[in-house]
Structure formats: C-alpha cells, structure tokens
Amino acid sequence: HDKAAHKFGKQRLNEHDLRYEIATEFVDVVRGLWDSWGDDAVIADKTTGVYLDKSKIRTLDHKGRFYSVKGPLNIERPPQGQIPILTAGQSERSKEFGAQYADIRFAPALHLEDAKTYYKDIKARLKKYGRNEDDQTLVTGVAVYVGRTAQEAQAKYREIQHLSTTNYDLTNL
C-alpha cells in the first residue's frame, strides 16, 4: 500500500521479493556488526586503565547491493551475543526468510488444524539452513473477548472485527 510507503519516506513500497532481498542483507549486516566485538573485548581493568582489547574488535567492511557498512559497531555486543530476530508472514519467501534467520516466529492460530500444519511446515524448513527445531520459537496472538454472557462476548467480538476491518484506517496516523 502506497500510504504505508510514505511512513518510510518512499512513494511506493518495494516489490515483495525485493523487500526480502533487502531484509536478508540487513540481517547479515546487523549480525556482522553485533559480531564485530568479541565476547571478551571489554576488559574494564581499573588498575591498568585498559577498557578494551582492540584486537578483539574487527571492522565489518560490508559492501553489498543495498548497504555499505564499515563498522565496527560503536557499542559492545549484547550480553546474549545476538539480539533475537522475530518474523511473521504467510508468503513462501517470508517462511524461508524466517527459517533462515528468525529466533522467534509469529504464527497464525485461528484454527487448530491450520496451526498444526503451519507449525510442522515451519519447523521442517529449519533443517535446510542447518538449524534444529528448537532453534526457533513459534508464538501466536490470542484475542479473548469477555462478557457476562456468551452472547455479550460474541457481540464484542463482532464489534471489534467490524471496527478493525472497515472503519479504522491507520494509514493517516
């Protein structure tokens, strides 16, 4: 949607597959920057006054199609090494991107059988990228509608569905 592109300073969104090419290079760059500091690069020795072991910090020197980044990152890497990457999406390209990179994948869960099929599909894709099933967590969103009666809860559900699909336009925010 072009209005969504305006939020990112663009006139139009990039074509679907191109967005994943850009995202793939972006993840490679970000992970490379996080890895530009060794886990033991920070010495912080008060007696010697040495804070960093500069031999444990490297430049990235990434020159790709979409990004050119020298690095290193200007802060030490996070305690866990890499920050978890979360993805979502239903397209084949999204599923492959998520299988390759995501630590957490947002999964649809409207119907139990569909959710089970999706789960098996996503977990099977991980092997192609040398990953184990436990390397990625699937999470779902669950909406709960509460009322004094089942009818009241169903009415709230219908009202929210109507508002979210017909009357609430986020593109102008």
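The values are calculated or read from the model by the stated rules, or taken from the named source; none is laboratory data. Small disclaimer: the values here were computed from a predicted structure and weren't measured. As a convention, Cβ positions derive from the backbone with ideal geometry for all residues, glycine included, and neighbour counts pool all protein chains shown. Quick note on the areas: whole protein, heavy atoms, side chains included, nothing else; ligands and nucleic acids left out. Shrake-Rupley method; radii C 1.70, N 1.55, O 1.52, S 1.80 Å.
Do the conditions hold for A124, that is, is it among the hydrophobic types (A, V, I, L, M, F, W, C), on the phi < 0 side of the Ramachandran plot and modelled with pLDDT under 95? It is false that A124 is among the hydrophobic types (A, V, I, L, M, F, W, C), on the phi < 0 side of the Ramachandran plot and modelled with pLDDT under 95.
Taking the stated definitions as given, is A99 under 20 Å from V27 (Cβ atoms), at pLDDT 95 or above and surrounded by 11 or more Cβ atoms within 10 Å (Cβ to Cβ)? So A99 fits the description; yes.
Filtered by the rule that a residue be surrounded by 15 or more Cβ atoms within 10 Å (Cβ to Cβ), within 13 Å of the chain's Cα centre (by Cα) and part of a loop (DSSP other than H, G, I, E, B), region 67-88 gives a lone residue, I85. Of all the residues in region 33-51, those that are of a type in the set (G, A, S) and either buried (at least 17 other Cβ atoms within 10 Å of the Cβ) or within 14 Å of the chain's Cα centre (by Cα) (or both) number 2. If you check E113 against the conditions, is it open to solvent by 100 Å² or more (accessible area, probe 1.4 Å) and of a type in the set (D, E)? Yes, satisfied. Scanning region 131-164 for residues that are in a helix (DSSP H, G or I), over 21 Å from the mean Cα position of the chain (by Cα) and charged (D, E, K, R) returns E152, K156, R158, E159. Taking the numbered list (1) open to solvent by less than 40 Å² (accessible area, probe 1.4 Å); (2) at positive phi; (3) at pLDDT 95 or above in turn, D61 passes all entries but (1). For region 11-32, the criterion of being farther than 19 Å from R65 by Cα, open to solvent by 80 Å² or more (accessible area, probe 1.4 Å) and of a type in the set (F, W, Y) is met by none of the residues. Applying the set (1) open to solvent by 50 Å² or more (accessible area, probe 1.4 Å); (2) part of a loop (DSSP other than H, G, I, E, B) to K128 leaves exactly one unmet item: (2). Contact annotation: residue pairs with Cβ atoms under 6 Å, 6 or more positions apart or on different chains, pairing a residue in region 145-162 that is within 19 Å of L110 (Cβ to Cβ) with a partner that is outside any loop (DSSP other than H, G, I, E, B) and of a type in the set (S, T, Y), are Y145/Y157. Annotation note: Cβ proximity below 7 Å between a residue of region 84-98 that is over 16 Å from A124 (Cα atoms) and a residue that is in a strand (DSSP E or B) and among the aliphatic types (A, V, I, L, M) (sequence gap 6+ or interchain) occurs for P84/I104; L86/I104.
Tell me, which residue of region 33-79 that is in contact with a Ser or Thr (Cβ under 8 Å, 6 or more places away or on another chain) and without any contact (Cβ under 8 Å) to a residue 24 or more places away in the chain is farthest from Y20 (Cα to Cα)? If we take residues in region 33-79 being in contact with a Ser or Thr (Cβ under 8 Å, 6 or more places away or on another chain) and without any contact (Cβ under 8 Å) to a residue 24 or more places away in the chain, then I57 is farthest from Y20 (Cα to Cα).
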